[in-house]
1. Within the stretch 23-49, can you find the residues that are under 21 Å from GLN75 (Cβ atoms) and polar (S, T, N, Q)?
2. Is at least one residue of the stretch 23-37 basic (Lys, Arg), surrounded by fewer than 10 Cβ atoms within 10 Å (Cβ to Cβ), at negative phi and out of contact with any helix residue (DSSP H, G or I) (no Cβ under 6 Å at 6 or more places or on another chain)?
3. Hey, can you tell me all the residues within the stretch 6-22 that are farther than 23 Å from GLU83 by Cβ, surrounded by 11 or more Cβ atoms within 10 Å (Cβ to Cβ) and among the β-branched types (Val, Ile, Thr)?
4. Under the condition of being among the aliphatic types (A, V, I, L, M) and in a loop (DSSP other than H, G, I, E, B), which residue from the stretch 1-26 is nearest to ILE68 (Cα to Cα)?
5. Tally up the residues in the stretch 62-76 that are in a strand (DSSP E or B) and closer than 18 Å to TYR8 by Cβ, please.
6. Among (1) at pLDDT 95 or above; (2) part of a strand (DSSP E or B), which single condition is ALA59 missing?
7. Given the structure, is ARG81 touching a residue at least 12 places away in the same chain (Cβ under 8 Å), surrounded by fewer than 19 Cβ atoms within 10 Å (Cβ to Cβ) and assigned to a loop (DSSP other than H, G, I, E, B)?
8. LEU48 versus (1) of a type outside the set (Val, Ile, Thr); (2) modelled with pLDDT of 95 or more; (3) in a strand (DSSP E or B); (4) surrounded by fewer than 15 Cβ atoms within 10 Å (Cβ to Cβ): which is the lone unmet condition?
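The values are calculated or read from the model by the stated rules, or taken from the named source; none is laboratory data. Quick caveat: nothing in here was measured; it's all calculated off a predicted structure. Here the Cβ positions follow ideal geometry from the backbone for every residue, glycine too, while neighbour counts run over all protein chains shown.
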Amino acid sequence: MGYHQKVYVRRGTKFANVMPHSEVCMHMGIAGKTMGCELVGERPMVQLFEIESQRPFSAPILTGEAGIFTDTDGQFYTVRRVEQ
């Protein structure tokens, strides 16, 4: 049994994230896969990276499509499953 935990992320910092089953991720064939991510741009978008090579994967996508959300203070976070 597990639970979900908020993990805050910052612009300019690369982090690994399991891609959600959003329409964009399903279309790109990465839903459920772990990808490198970085928040980029003035209106933040997510640049995806291949984990091993750190090469960019596609053009940046919207934060919500990448499973990254904002809290009431405007901080970005993703939700990770934590096993007990």
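1. If the condition is that a residue be under 21 Å from GLN75 (Cβ atoms) and polar (S, T, N, Q), then GLN47 is the only one that fits.
2. no
3. Within the stretch 6-22, none qualify.
4. My answer is MET19.
5. 3
6. (1)
7. Numbers: touching a residue at least 12 places away in the same chain (Cβ under 8 Å): yes; surrounded by fewer than 19 Cβ atoms within 10 Å (Cβ to Cβ): yes; assigned to a loop (DSSP other than H, G, I, E, B): no.
No: the conditions fail for ARG81.
8. (4) is the only condition that LEU48 fails.
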